[in-house]
Amino acid sequence: MDSIDEPLLSRNGLAARQLAVSLLDHEEETRLPRLRDFAEELGVGNGTVQAAFQLLEEAGAIKTVARGHLGTFLVRADRSVLWRLSGLGTLLAAMPLPYSRRYEGLATGLRSAFEQARAPFAVTFMRGAHTRVAALLEGKVDLVVLSRFAADRLMAQHPLSLVADLGPATYVGAHGLLVRQGVDVESAGLRIALDRSSEDLELLTQRTFAGRTDVRWVEASYMQLWDLFARGEVDASLANLDEARRHKGEGVDVLPLGDEVSRELALRNSCAAIVGRADTPSALRAVRRSLDLTLVTALQDEVVRGERLPSY
C-alpha cells in the first residue's frame, strides 16, 4: 500500500485490510456473508469484523445496509479505495518479450482490463517461462503470463495457482517446424536450434525429433534464431509462427508439426495462462473477480489485426 491512514495500523485496521481484499470479491447490490462467516474467514472475533466494516465505511470504500431478515447488502463499493486499503499495491505482471503483435496485444488487453477494474497494474518483460516463475516465487512479481502447457507443468512442481486461461490463440497462433531451404529434414547430422529457456519450445522440439539419435543440438536463444539460419549455422528449429511470418522469404521453409502428440501440445501452448502464487488466495480471487477476460481478448484481437495501436 502506498499510504495507510493511521487508524488502519491498529488491530482493527489490519482486519480491515483483510476485509477489503475479501470485499473485492463481491459485487454491489449483493448480500454479504454473515458477520460470523467473515470472522471465521479472517480468523478474528465478530467485534473486530464490525470495527473493520466501520473503518472501511468511514474511509469511503463501501456502504452497506441491513435489510432485516434478508441480511446485509453491499450497496456501494469504490474498488480503487478498496484496492488501496487492501494492501495489495500495484500488481506487477511478468510477460514474455513483446516480439510479436500477439504479445503486444495481450499486454494491451491486460493493462486495459486492470484499468477498467481500477486496480493498479504494471507489466515487465522477461525471457523464458522458468525466469518468470522464479521471479514470481521470489516475490519480485505478482503474476506471470505463460502458455497453459508451461503453466500446468510448473504448477505441478511449485506452489502456484491458475488465475485465468484466456483460451486458444491468445499466447501464440501456432508453432511450426522451420527448415533451411535445400535441407532434407530426414538427413543425418541435422543441426537443430534449441532454446531451453522456453518450456514450450524445448518439449515440442524434443517430441518432434523423438528417437532421432543422428541430430545435433545447437543451444540458442530464439532471439538469435534468424541470424543462425542466415549464417548457415543451423538447419532446423521449432518456432512461434507469429515471429516466423515476419521473416517470410528469408531462405527458410515452414512445415507443419507431425504427430498427434505435437499437435495436441501445440494447441495447449497456444493458450495464454495467468498464474500467481498459491499462498495468496484472497488476492488471486480479487484479481479473477476484477478482470474482464473478454476485454483482454477483444483488444488483443484488435492489435493483432492492426486495428489498434499497442499500449502497455
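Helices (runs of 4 or more DSSP H) wholly in segment 1-116 with at least 3 residues that are open to solvent by 70 Å² or more (accessible area, probe 1.4 Å) and within 17 Å of ARG288 (Cα to Cα) - which ones? Talk me through it step by step, then tell me what you get.
Values: elements: 11-23, 35-42, 46-58, 79-86, 101-116.
Answer list for segment 1-116: 101-116.
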- How many of the residues making up segment 185-211 are at pLDDT 95 or above and surrounded by fewer than 18 Cβ atoms within 10 Å (Cβ to Cβ)? 1
- Residue count, segment 101-123, condition among the hydrophobic types (A, V, I, L, M, F, W, C) and over 18 Å from THR90 (Cβ atoms), comes to 1
- Task: May I ask you to list pairs of residues, at least six apart or on different chains, whose Cβ atoms are under 8 Å apart, with the first in segment 160-175 being within 25 Å of ARG289 (Cβ to Cβ) and the second being β-branched (Val, Ile, Thr) and open to solvent by 30 Å² or more (accessible area, probe 1.4 Å)?
- Result: LEU166/THR297; GLY167/THR297; THR170/THR297
- Query: Going through segment 117-139 one residue at a time, which ones are open to solvent by 50 Å² or more (accessible area, probe 1.4 Å) and either basic (Lys, Arg) or part of a helix (DSSP H, G or I) (or both)?
  - Reply: ARG118, ARG127, HIS130, THR131, LEU137
- Pairing a residue in segment 112-128 that is more than 29 Å from SER197 (Cβ to Cβ) with any residue that is open to solvent by 40 Å² or more (accessible area, probe 1.4 Å) and among the charged types (D, E, K, R), where Cβ atoms lie under 7 Å and the two sit 6 or more apart in sequence or on different chains, gives GLN116/ASP292
- Restricted to segment 212-254, and to residues that are among the acidic types (Asp, Glu) and out of contact with any helix residue (DSSP H, G or I) (no Cβ under 6 Å at 6 or more places or on another chain), which residue is surrounded by the most Cβ atoms within 10 Å (Cβ to Cβ)? ASP235
- Message: On the basis of being over 16 Å from LEU110 (Cα atoms), modelled with pLDDT under 95 and either buried (at least 22 other Cβ atoms within 10 Å of the Cβ) or under 14 Å from the mean Cα position of the chain (by Cα) (or both), does ASP142 make the cut?
- Response: no
- Item | Yes/no for ALA156 being within 20 Å of ALA272 (Cα to Cα), free of Cβ contacts under 8 Å to residues at least 40 places away in the same chain and open to solvent by 70 Å² or more (accessible area, probe 1.4 Å) | yes
- Task: State whether one or more residues within segment 108-130 are closer than 28 Å to LEU203 by Cβ and among the β-branched types (Val, Ile, Thr).
- Result: yes
- Message: Give me the residue from segment 290-305 that is crowded, with 16+ Cβ neighbours inside 10 Å and hydroxyl-bearing (Ser, Thr, Tyr) and, out of that set, farthest from THR90 (Cα to Cα).
- Response: THR297
- Note on the structure: A careful count of residues in segment 108-148 that are closer than 19 Å to GLN300 by Cβ and in contact with a helix residue (DSSP H, G or I) (Cβ under 8 Å, 6 or more places away or on another chain) gives 17
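The values are calculated or read from the model by the stated rules, or taken from the named source; none is laboratory data. The structure presented is a predicted model; accordingly, all values stated were derived computationally and were not measured. Cβ: placed from backbone, ideal geometry, glycine included. Neighbour counts: every protein chain shown. Please note that ligands, DNA and RNA were not included when accessible areas were found on the heavy atoms of the full protein model with its side chains. Shrake-Rupley method; radii C 1.70, N 1.55, O 1.52, S 1.80 Å.
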